[in-house]
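First up is the structure itself, then whatever we jot down about it.
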Amino acid sequence: MERSRELLRRHQEHPIRAPHTFTALGTEWDVHPGVFSPEFTPVTAMFTTWLPYPPGGSFLEVGSGTGVTAVWAALHGCRSVVALDINPAAVENTRANAHRHGVSDRLTVLHSDLFTALPPDAAFDVVFWNSNYVEPPADYPLDTMLHHAFFDPGYAAHERFLAEAPARLTPGGRLLLGFSDVGNQERLRRLCDTYGLGLSTLRSEVRELHMTVEFQLLELTPARRRP
Ligand SMILES: C[S@@+](CC[C@H](N)C(=O)[O-])C[C@H]1O[C@@H](n2cnc3c(N)ncnc32)[C@H](O)[C@@H]1O
């Protein structure tokens with residue numbers, strides 16, 4: 001909680017209240033007020049460079065924030081990218097970065113609580129969420145939209161994600177979750193068991209921030225695909 005509260009505080013300070021640009025992955029991006037900003041954390045760049053981008057395939061990013069990962073997918077071979085976020089400011093921010101990087105023709109951005117805004121039959125070769133993996137108690141108040149970027153009270157959103165995401169995969173599609181050892185790994189493991197998902201770590205890296213954090217790119221494999 002402490003690391004996340006600190007990150008939240010930095011987001012709320014001046015000059016983050018005004019739109020501005022930052023550099024990540026060697027290029028410029030817009031960040032709007034009230035949106036999770038990759039300028040304060042290595043996690044966005046890390047997952048963005050670790051992810052597989054299916055050449056000519058489709059990619060769904062849940063919780064796109066500023067849109068760095070979704071835009072990167074569109075710039076790195078994906079034919080069709082959809083980005084979703086529950087935070088309307090993040091939706092606008094992702095659209096701005098799609099425009100800035102000239103990928104608006106193949107990146108659709110929707111305001112959505114997880115998968116709710118998708119057509120019922122929409123399925124993707126890769127589904128990814130860099131999640132709000134800090135788990136406060138179920139009654140913890142999400143006072144601003146920005147709180148959704150960090151906190152998932154009672155892991156309600158994680159549970160829905162694990163229950164609903166497998167249906168959003170094409171045959172052979174891959175389900176990936178950006179997580180860390182700050183998250184409740186035991187709870188995640190139990191939820192994976194409940195929903196018949198295998199859990200493996202594709203890649204991880206330890207970083208010294210205000211505290212030591214191990215960032216983890218996890219793959220969730222639906223039971224029907226496992227031997
Ligand atoms: C840790 S931030 C990651 C943002 C961005 N992908 C990045 O890496 O910079 C998590 C994102 O998930 C979004 N989010 C949280 N709950 C959500 C939900 N139920 N549906 C859609 N997006 C959600 C947040 O608004 C936030 O943008």
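None of the figures in this text is laboratory data; all of them are computed from the coordinates on show. Keep in mind the model is a prediction, meaning the values are calculated, not measured. Neighbour counts run over all protein chains shown; Cβ positions are idealised from the backbone, glycine included.
Points worth noting:
- The share of alpha-carbon pairs in the range 25-64 lying farther apart than 16 Å comes to 46%.
- Mean-square fluctuations from a GNM of the chain, with a 10 angstrom spring cutoff on Cα atoms, peak among Leu84, Leu114, Leu209 at Leu209.
- Label separation (Ala18 vs Met145): 2.1 nm, computed from points 7 Å beyond Cα along the C-beta direction.
- Over all distinct Cα-Cα pairs of the chain, the Kirkwood formula returns a hydrodynamic radius of 17.6 Å.
- Over the range 109-181, the ratio between the Cα radius of gyration and 2.2 N^0.38 Å evaluates to 1.17.
- Highest-fluctuation residue, Asp181, Asp30, Asp139 considered, GNM on the chain with Cα pairs under 10 Å: Asp139
- Remark: the His99-Ala163 segment gains 19.8 nm on full extension, using 0.36 nm per residue and subtracting the alpha carbon distance.
- Over the residues of the chain, the helix contribution to mean residue ellipticity at 222 nm works out to -7500 deg cm²/dmol, using -39500 (n - 2.57) for each DSSP H run of at least 4.
- Here the Gaussian network model covers the chain, with springs between Cα atoms less than 10 Å apart; of His158, His76, His111, His76 fluctuates the most.
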